[in-house]
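Here is the structure we will look at.
No value in this document is a laboratory result; all are computed from the given coordinates. Source: prediction; values computed, not measured. Cβ: placed from backbone, ideal geometry, glycine included. Neighbour counts: every protein chain shown.
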Amino acid sequence: MGYAAQAMKKVHENMDLNKIDDLMQDITEQQDVAQEISDAISNRAAFGDEFDEVSTSVNDSLYLVPITCFPIFPL
């Protein structure tokens, strides 16, 4: 128990309320950034329908492009 008390005392001697407040603000900011990233990833599903529509349109138009074959080696 004595070692634990000494360790706690050593940890707390370098802390003050301003440092704790700054740390809490940093943590909150990082949580907000993480939430924004999570929201962006989650909203990808909503964007998927629009992307699928464009992708289908592009794929359909590829069938209309004439394909010309050129031999690799001269005949």
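Structure notes:
- Shape class of segment 1-40 from the Cα gyration tensor (axes a ≥ b ≥ c, square roots of the eigenvalues): oblate, since a/c reaches 1.5 or more and a/b does not exceed b/c.
- FRET efficiency estimate (nearest 0.05) - Cβ-Cβ, Ile20 to Ser42, R0 35 angstrom: 0.60
- Stretched out straight at 0.36 nm per residue, the stretch from Ile27 to Met1 would grow longer than its current Cα-Cα span by 6.3 nm.
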